[in-house]
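A.B. asks: First the structure, then my questions, so here it is.
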Amino acid sequence: MHAFQFDAPRLPPEALAARHRVRAFLAAERDAKAFSPHRSSWSVFDEGFSRRAGAAGFIGVTWPKEFGGQAQSSLVRFVITQEMLGAGAPCFAHWIADRQSGPQILRHGSERAKRLLLPRICRGECYFGIGMSEPDSGSDLAAVRTRAVKQDAGWIINGSKIWTSNAHRVHYLIALVRTGDAGADRHGGLTQFIIDMSQPGVSVRPIHNLAGGHEFNEVVFQDYLVADDMMVGAEGQGWSMVTGELAFERSGPDRFLSDYRLMVELINRVGPTPNQQQAVEIGRLVGHLAALQRMSASIAVLLDQGKSPNTEAALVKDVGTAFERELPEMARKLVPVEASLNDPEDVFAETLGHVSLHAPSFTLRGGTREILRGIIARGLGLR
Amino acid sequence: MSANAMPAHTEAELSAIVLEQADRLFRGEVTKERMAEADRGTWPSGIWMAVQQAGLPLALTAEQHGGVGLPPADALHLIRRAGYHTLPVPLAESMIAAALWAEASGEAVAGTLSLAPVGATEVISIERGSGSYTLRGTAHRVPWATQVDNLLICARDAEGSAWLALLPRAGLPEAKRRTNLANEPRETITLDGVIVREAAVRAAPASCAGGFLLFGAAIRAQQMVGAMERCLDYALAYAMEREQFGRPIGRFQAVQHMLADAAGQYAAAAASAEVAGEAYGTDDFAFATAVAKARVGEATGKVAEVCHQVHGAMGFTQEHPLHFATRRLWSWRDEFGHETFWQERIGRMVCSAGGEALWPMLVGK
């Protein structure tokens, strides 16, 4: 079998220093009541928080200084995201730009795009969304039909994207669109563009999720004009760029810490003298978390060394999101509680309510469990 | 394979060489015929001779005490490889017992060794006489008790202090044959006023304050990770070789997803065992070992189930070697505390510390 390597994640001193800086920052935020951890997670959008995180130097830390970054190792960023997640910090405004849009622009974007966007992302002022899925193209991403056609002034885009998180409140999307024929492997003819949401030709329709929140949108392009230098990478290179970033997306701690605050609240609610069932199940969940933490940290080190542990990354997301799904199911069995969307007297009931209603999305977003298992099977040599 | 023979190598290189040579040795020595023989209760002396000649039982024993002195994390990898090859001799027990005895006495001890007692609650008492000590008590399910040269006993005196006693097996009363599901010996030892000379008793190292439970859990966790890897190797090979409906069964999505699920369980188990190996000899060892035994133990059920399902009826026979690995998994997961035992221990530790204290336990202070 392909032997999975989860070597000791030796963090450099600057990563350990960053851990203490973030903790101090987050403690001050909590003390100032800037967010309530029990109701918060990385998928809460809070511009004020993102601006303060940017000002404190926690966004775009791996990017070169000339673009507003700090030229730090990716392990420094790993530690920052870990700590943000552990604290339940409301990171969603800057999350996508910091995690994937910014790195893509840095690596494949035009000089103008880099100068225009990266410093603002670092300051926590400029937010991004992901324009991949379409009404007829979900797990089968190669079926993208939104099309860009070359004109003198740039490219004209027509079509629509769906499940676009935060499209109504971000400044830009990076959209994957068709610019040519798919070819025999179906992966050709796709190109990425930076979409400025303030320009004419792009409209947003809200899609409310089952928890009542507005995060998703449908985005419609009608003769939207995008300049040549807002293309990310070369024409037709979209597929390899999108799939090349997946190990970063899938192995991160956001794939098993989405509902970490429920774990904290569960332990607090159970208290220092658990009964046997509570002790066993909490111990079991902690064991799962500890293993995931190690897997994720080891992969961060491999990524920092320039390796692409794609199978391991898919494993983290598959095992990690399964853990995220199980946590609320177990929590409700261990504590006699009726989950609520707004219980002024019971923090635990509220946390459980919030997590329970978001749990179905954990094993969908960023690649469904079924897609991941196919990737793992390929890594195992079965495909 | 002594460390002295290879002065030009760094510690990491030495470890890599030892592991590679051990892997090759296990592969060559552990044949299907020898496994079947050991399964019938015959002591596989040929395998042990080879393991001993290679110096492996002293891999974890410090160099200054005459051992190989591998870093503990690497020595525990060696135990993992032994698990992969379902090595039918007590190498893991011997390695740990030899290292603990050397730590307590400054002496290396050769030959096969085992540890007693193994349970969380069993106690062997020790009493000092003039020029000797007396041991009393019963230890159940002692690994390889009837087949080792010496037993390392962790005993308690009237004040509750822990002592180690090195007891030759030869002088003890015959025990009734009892085996685990893999036919590995697990017998009851009754010490009914056994006299031990002074030189064979030492104050136990601080790490043995809780008995041998943690050490036993640590070695079983590594062995299980190795045996799970073997099961998956068998299953992946079989899935691509066995054809039904005109194609290898591994091409069917249902089979792929089952194996992907098992691989995830295995990966999480391997990661937690890795942490425990690195924590050997540090303050984190107790927590990391509890997590490893719990997480690995939980994974074994799923991995064994899936690998048997993939093998169909063939895996349910003695003709296919899968059972050598799965019967060990089903035994080892219950030895030195099953997963529920360790989960409860972790749960109590975490709950008494409170919710906010969990984070630094997971990522560091």
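A.B. asks: Only residues in region A:171-185 that are part of a strand (DSSP E or B) count as the first member; pair them with residues that are acidic (Asp, Glu) and modelled with pLDDT of 95 or more, Cβ under 7 angstrom, at least 6 apart or cross-chain, and list the lot.
C.D. replies: A:172/A:196
A.B. asks: Here is a follow-up. If a residue must be in contact with a Ser or Thr (Cβ under 8 Å, 6 or more places away or on another chain), in a helix (DSSP H, G or I) and surrounded by fewer than 24 Cβ atoms within 10 Å (Cβ to Cβ), how many such residues does region A:273-301 contain?
C.D. replies: 1
A.B. asks: A further question on this structure: Return a yes/no flag: does region B:340-353 have any residue that is in contact with a Lys or Arg (Cβ under 9 Å, 6 or more places away or on another chain), part of a helix (DSSP H, G or I), more than 7 Å from every other protein chain (Cβ to nearest Cβ) and under 30 Å from residue A:80 (Cα atoms).
C.D. replies: no
A.B. asks: Have a look at A:85, A:26 and point out the one that is within 17 Å of the chain's Cα centre (by Cα), in a helix (DSSP H, G or I) and within 14 Å of chain B (Cβ to nearest Cβ).
C.D. replies: A:85 is the lone residue from the list that is within 17 Å of the chain's Cα centre (by Cα), in a helix (DSSP H, G or I) and within 14 Å of chain B (Cβ to nearest Cβ).
Residues checked against (1) assigned to a helix (DSSP H, G or I); (2) buried (at least 16 other Cβ atoms within 10 Å of the Cβ); (3) out of contact with any Phe, Trp or Tyr (no Cβ under 8 Å at 6 or more places or on another chain); (4) not assigned by TED's automatic domain parsing to the domain that holds residue B:100:
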position: B:191; (1), (2), (3), (4): no, yes, yes, yes
position: B:194; (1), (2), (3), (4): no, yes, yes, yes
position: B:220; (1), (2), (3), (4): yes, yes, no, yes
position: B:228; (1), (2), (3), (4): yes, yes, no, yes
position: B:237; (1), (2), (3), (4): yes, no, yes, yes
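A.B. asks: Restricting to region B:248-278, and then to whatever is more than 8 Å from chain A (Cβ to nearest Cβ) and hydrophobic (A, V, I, L, M, F, W, C), can you tell me which residue is nearest to residue B:229 (Cα to Cα)?
C.D. replies: Within region B:248-278, the match that is nearest to residue B:229 (Cα to Cα) is B:262.
A.B. asks: Taking region A:306-349 only, how many residues are more than 11 Å from chain B (Cβ to nearest Cβ) and closer than 21 Å to residue A:287 by Cβ?
C.D. replies: Going through region A:306-349 one residue at a time, the tally reaches 11.
A.B. asks: Checking residue A:158 against (1) crowded, with 16+ Cβ neighbours inside 10 Å; (2) within 17 Å of residue A:189 (Cβ to Cβ); (3) free of Cβ contacts under 8 Å to residues at least 60 places away in the same chain, which test does it fail?
C.D. replies: With respect to (1) crowded, with 16+ Cβ neighbours inside 10 Å; (2) within 17 Å of residue A:189 (Cβ to Cβ); (3) free of Cβ contacts under 8 Å to residues at least 60 places away in the same chain, residue A:158 is out only on (3).
A.B. asks: Looking at region A:8-20, is at least one residue surrounded by fewer than 18 Cβ atoms within 10 Å (Cβ to Cβ), in a loop (DSSP other than H, G, I, E, B) and within 13 Å of chain B (Cβ to nearest Cβ)?
C.D. replies: Yes, some residue in region A:8-20 is surrounded by fewer than 18 Cβ atoms within 10 Å (Cβ to Cβ), in a loop (DSSP other than H, G, I, E, B) and within 13 Å of chain B (Cβ to nearest Cβ).
A.B. asks: Here is a further query. Considering each residue of region B:52-66, count those that are surrounded by fewer than 17 Cβ atoms within 10 Å (Cβ to Cβ) and in contact with a His (Cβ under 9 Å, 6 or more places away or on another chain), and give that number. Step through it out loud before you land on a result.
C.D. replies: To start, the set of residues in region B:52-66 that are surrounded by fewer than 17 Cβ atoms within 10 Å (Cβ to Cβ) comprises B:53, B:62-64.
The next check asks that each one be in contact with a His (Cβ under 9 Å, 6 or more places away or on another chain); those that pass are none.
Qualifying residue count for the region: 0.
A.B. asks: Collect the residues in region A:332-361 that are crowded, with 18+ Cβ neighbours inside 10 Å, within 30 Å of residue B:253 (Cβ to Cβ) and touching a residue at least 60 places away in the same chain (Cβ under 8 Å), keeping them in residue-number order.
C.D. replies: Once the filter is applied, which keeps residues that are crowded, with 18+ Cβ neighbours inside 10 Å, within 30 Å of residue B:253 (Cβ to Cβ) and touching a residue at least 60 places away in the same chain (Cβ under 8 Å), region A:332-361 yields A:358, A:359, A:361.
A.B. asks: Scan region A:197-224 residue by residue and report those that are part of a strand (DSSP E or B) and either touching an Asp or Glu at 6+ places or on another chain (Cβ under 7 Å) or under 19 Å from residue A:45 (Cβ atoms) (or both).
C.D. replies: Initial filter on region A:197-224 (part of a strand (DSSP E or B)): A:202-208, A:214-224.
Residues satisfying the conditions are A:204, A:205, A:206, A:207, A:208, A:214, A:215, A:216, A:217, A:218, A:219.
A.B. asks: Scan region A:186-196 for residues that are in a loop (DSSP other than H, G, I, E, B) and touching a strand residue (DSSP E or B) at 6+ places or on another chain (Cβ under 6 Å) and jot them down. Break it down into steps so the answer makes sense when it comes.
C.D. replies: Looking only at region A:186-196, we keep the residues that are in a loop (DSSP other than H, G, I, E, B), and these are A:186-189.
Result: A:189, single match.
A.B. asks: Among the residues of region A:184-217, which ones are touching a Ser or Thr at 6+ places or on another chain (Cβ under 7 Å) and under 22 Å from residue A:92 (Cα atoms)?
C.D. replies: A:215, A:216, A:217
A.B. asks: Can I ask one more? Of all residues being among the aliphatic types (A, V, I, L, M) and exposed (fewer than 14 other Cβ atoms within 10 Å of the Cβ) in region B:1-15, which is modelled with the highest pLDDT? Just the residue, please. Walk me through it before giving the result.
C.D. replies: Of region B:1-15, the ones among the aliphatic types (A, V, I, L, M) are B:1, B:3, B:5-6, B:8, B:12, B:14.
Filter once more, so that each one left must be exposed (fewer than 14 other Cβ atoms within 10 Å of the Cβ): B:5-6, B:8, B:12.
On the way: B:5: 49, B:6: 48, B:8: 66, B:12: 87.
My answer is B:12.
A.B. asks: Then there is this: Mind listing whichever residues of region B:147-161 are in contact with a strand residue (DSSP E or B) (Cβ under 8 Å, 6 or more places away or on another chain) and surrounded by fewer than 20 Cβ atoms within 10 Å (Cβ to Cβ)?
C.D. replies: B:147, B:149, B:156, B:157, B:158, B:161
A.B. asks: Could you check region B:250-298 and list, in sequence order, the residues that are farther than 15 Å from residue A:316 by Cβ, among the aromatic types (Phe, Trp, Tyr) and touching a helix residue (DSSP H, G or I) at 6+ places or on another chain (Cβ under 6 Å)?
C.D. replies: Result: B:280, B:285.
A.B. asks: Hey, another quick one. Specify which of the listed residues (B:359, B:332) is away from chain A (no Cβ under 14 Å), more than 22 Å from residue B:209 (Cβ to Cβ) and buried (at least 16 other Cβ atoms within 10 Å of the Cβ).
C.D. replies: The match here is B:332.
A.B. asks: Give me a count of the residues in region A:362-383 that are more than 14 Å from every other protein chain (Cβ to nearest Cβ) and crowded, with 21+ Cβ neighbours inside 10 Å.
C.D. replies: Result for region A:362-383: 1.
A.B. asks: May I ask you to verify whether residue B:164 is at pLDDT 95 or above and within 14 Å of chain A (Cβ to nearest Cβ)?
C.D. replies: In short, no.
A.B. asks: Can you pull out every residue in region A:116-161 that is β-branched (Val, Ile, Thr) and in a loop (DSSP other than H, G, I, E, B)?
C.D. replies: A:144, A:146
A.B. asks: Out of the residues in region A:269-305 that are among the hydrophobic types (A, V, I, L, M, F, W, C) and within 18 Å of the chain's Cα centre (by Cα), which is nearest to the other protein chains (Cβ to nearest Cβ)?
C.D. replies: So the residue we want is A:295.
A.B. asks: May I pose another question? Among the residues in region B:158-181, are any under 17 Å from the mean Cα position of the chain (by Cα) and assigned to a strand (DSSP E or B)?
C.D. replies: Yes: region B:158-181 contains one or more residues that are under 17 Å from the mean Cα position of the chain (by Cα) and assigned to a strand (DSSP E or B).
A.B. asks: Among what's in region A:69-82 and is part of a helix (DSSP H, G or I) and touching a residue at least 60 places away in the same chain (Cβ under 8 Å), pick the residue that is surrounded by the fewest Cβ atoms within 10 Å (Cβ to Cβ).
C.D. replies: From region A:69-82, those part of a helix (DSSP H, G or I) are A:74-82; that's our starting set.
From what is left, the residues that are touching a residue at least 60 places away in the same chain (Cβ under 8 Å) are A:74-76, A:78-82.
On the way: A:74: 18, A:75: 22, A:76: 24, A:78: 25, A:79: 29, A:80: 24, A:81: 23, A:82: 26.
Residue satisfying both the conditions and the ranking: A:74.
A.B. asks: Given the conditions (1) in a helix (DSSP H, G or I); (2) modelled with pLDDT of 95 or more, which single one is not true for residue A:339?
C.D. replies: Unmet condition: (1).
The values are calculated or read from the model by the stated rules, or taken from the named source; none is laboratory data. This structure is a prediction, so every number in the text was calculated from the model and none was measured. Cβ coordinates were reconstructed from backbone atoms using ideal geometry, including for glycine residues, and neighbour counts include every protein chain displayed.
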